[in-house]
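Structure record follows, encoded as structure tokens.
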Amino acid sequence: MKNFFLILVAVFLALLAAAIAPLFKTDPGIVQIRFWGWTIETSVLILIIAVLALWLLIWVIVRLWKAPAETARRMRERRSLAQLEKGLLALTDGDWRTAERLLEKSASMHGRTTARYLAAAEAADGQDAGDRAEWYLEQADTRNRKQKFLVDLTRARILTQNGNFAEAKSALEELHKRRRRHPQVLELLARCYRELGDWSALLRLLPAMQKARLIDEEKVVELRHAAAVGEIQTWKSKDDLEAGWIALPRVMQKAPEVIRAFSERAVQQGWPELTEDIIRSSLKYQWTPSLLVPYSEPGPDDASRRLRQCEKWLLVYPDDALLHLTLGRLCAREELWGKARHHMIRSLEIEPSSAGYDSLGQLLERKGELEIAMACFRNALRMSQGKEPQPLPGEHVQLEPPVTPDPV
């Protein structure tokens, strides 16, 4: 078979040389080719042209032979790209089922690809199909470091979205070792630390987030305050509260949200006397009405001191609803029923609130005015549900305290 092919080549060269020889006016050098008893005489130029023509012929034959397969491959690529586009659009639209089906088909046509399988994993996760999402991640191409990083990042993101913060934290910490300033790794890791209450780790992460320009100085302060608040929630004893507060940086001790977190924690744990001096000093430095809420929870021996201090503040802030409510609660604690009623009603006149109606309801219940007390409790419930309060019955329709006649 091989000899036959060589003979055909020789015959072809000879015929080609004979056909084009008359075109040349000069007498080029003659080349003789001998093999298997055959001798072919031709010029060098004609030989070169014959070889090129033979190569062109073979190339055309090969291309024609491969044309059907090439056409089919291109058609598959076009279908795959069309399915990829439709799948990504469905993924953006939240149509997880359609997105997964199209992306899976697109990926299967291209073999082991990274981007298509990652998108399919996201679509499967949108349907709470964790097993399928993990299968897609395992099918993704991870032959180089970048592809493996993207697959691991997608896995960590899915874990975070599903609330598996402990597992996601371990994966993200490994990714953080490889890419110290990767924005998404830092953001996801910070979220895991916050959700898990790992405040010291969050504080260590802040410089890297600043260098990556993910947060500005204002956000850094906010996160540090959040870390301090989270740390306060772990304090359980009086010693923890006292030592923990002293250990906080001075700038934290002046932050209203940190002071309120500490005060609420102290009240919750049964040590409200720890809050009086801290809240009073803060309100003298910066008036923050929200701090009056824990201030209205006195300790065993400081209710009268708090009451006198609130009366001093009332001279400066006569129309502060929370201040009137705090005074009403403290007066009720001291059994000053008339003053308590007056301040609670005045608080509701300035700004109705769920807490205000609830406090007034408790006061009226203790005084035996059950019908109006129940109306107050209903209004407290309505306001907690975002609804408007209803008018109180009888003489309290205008929220005016009852007038006590002067003794004759």
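With just the Cα atoms defining each centre, how far is the range 210-234 from the range 141-159? Give it in Å.
Each part reduced to its Cα centre gives a spacing of 28 Å.
Residue by residue through the range 262-272, which ³J(HN,Hα) values in whole Hz follow from phi under the Karplus form 6.51 cos²θ - 1.76 cosθ + 1.60 (θ = phi - 60°), with glycine and proline marked x?
Those phi angles translate into 5, 5, 5, 5, 5, 5, 4, 8, x, 10, x Hz.
Arrange the peptides 313-319, 260-266, 275-281 so that the one whose residues have, on average, the most other Cβ atoms within 10 Å appears first.
Result, highest mean first: 260-266, 275-281, 313-319.
In nm, what is the difference between 0.36 nm times the number of residues separating Gln127 and Gln210 and their Cα-Cα distance?
Once the chain is fully extended between Gln127 and Gln210, it gains 26.4 nm.
May I ask you to order 113-124, 357-368 by the average number of other C-beta atoms within 10 Å around their residues, highest value first? Before the final figure, lay out the partial values.
Numbers: 113-124: 23.9, 357-368: 19.0.
Those peptides, ordered most packed to least, come out 113-124, 357-368.
I'd like the FRET efficiency for Arg191 and Glu351, computed as 1/(1 + (r/R0)^6) with the beta carbon distance as r and R0 of 51 Å, rounded to 0.05. Each step should come with its number before you reach the end.
Values: r = 35 Å, r/R0 = 0.69.
Plugging the Cβ-Cβ distance into 1/(1 + (r/R0)^6) gives 0.90.
Stretch Asn162-Val221 to full length: gain in nm at 0.36 nm per residue minus the Cα-Cα span?
Fully extending the segment from Asn162 to Val221 adds 18.4 nm.
Would you please put 249-255, 371-377, 328-334 in order of how densely packed they are, using the mean number of other Cβ atoms within 10 angstrom per residue and starting with the highest?
328-334, 371-377, 249-255
Any chance you could run the full-extension gain for Gln385 through Thr98? It's 0.36 nm times the residue separation minus the Cα-Cα distance, nm to one decimal.
On the way: separation 287, 0.36 × 287 = 103.32 nm, distance 3.82 nm.
That works out to 99.5 nm of additional length.
Given a 1.4 Å probe and every protein chain left where it sits, what share in percent of the accessible area of the range 273-357 is carbon and sulfur?
Details: 1920 of 3820 Å².
On the range 273-357, the fraction of accessible area on carbon and sulfur atoms equals 50 percent.
Rounded to a whole number, what % of the accessible area of the range 140-226 do carbon and sulfur atoms account for, probe 1.4 Å?
45 percent
Let me check against my output: what whole-number percent is the relative contact order of the range 275-403, with C-alpha pairs under 8 Å and at least 6 apart?
On the way: 150 pairs, mean separation 21.0, N = 129.
Answer for the range 275-403 is 16 percent.
The values are calculated or read from the model by the stated rules, or taken from the named source; none is laboratory data. Since the model is a prediction, treat every value here as computed from it, not as a measurement. Note: ideal-geometry Cβ built from the backbone for every residue, glycine included; neighbour counts use all protein chains shown. Side chains are part of the model used for accessible areas, which takes the heavy atoms of the whole protein and leaves out ligands, DNA and RNA. Shrake-Rupley method; radii C 1.70, N 1.55, O 1.52, S 1.80 Å.
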